[in-house]
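Below is one structure; the comments refer to it alone.
Just so it is clear, none of the values below were taken in a lab; they were calculated from the coordinates. A quick note: this is a predicted structure, and the numbers were derived from the prediction, not measured.
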Amino acid sequence: MENSNNFPSLTVIIATYNMPAWLEKVLLGYEQQDYKDFDIIIGDDGSGPETQAVIDRFKERGQLRITHLWHEDEGYRRQTMLNRAIVEAQGEYILFTDGDCIPRRDFVSTHLQHLEKGRFL
């Protein structure tokens with residue numbers, strides 16, 4: 001599927017915590033999407049430097065527009081980080097997922113094809 005002006009702008013928010021090997025697989029999946037016009041916010045609930053290294057590698061590759069939001073590990077504060085990511089999101093449509101959910105090639109385009117105003121998909 002080619003990028004289309006018929007779709008709203010899209011931000012994918014990925015929640016993660018200390019699972020860099022999985023996050024790498026997830027980001028590889030987003031590089032393979034059949035719809036490319038989206039940005040990614042990684043909402044990081046206090047991961048260590050290994051996660052930062054994975055994100056840096058993908059930023060250097062330049063195939064994905066990634067923003068990494070991080071806060072210090074002070075216990076489970078995933079929802080706090082997700083709220084921060086929502087505020088930072090530039091997309092009109094927000095797609096939430098986790099750092100261990102590898103998207104199939106049409107994950108983003110399928111969401112866009114089935115979106116309806118005022119609905120949660």
All aspartates and glutamates inside 18 Å of residue 117 as judged from Cα atoms, apart from same-chain residues fewer than 8 positions distant
92
What are the lysines whose alpha-carbon lies under 21 Å from the alpha-carbon of residue 25, with same-chain residues fewer than 8 places away excluded?
36, 59
Taking a temperature of 25 °C and a viscosity of 0.890 mPa s, what whole-number D in µm²/s does Stokes-Einstein yield for region 2-85 with Rh from Kirkwood over alpha carbon pairs?
183 µm²/s
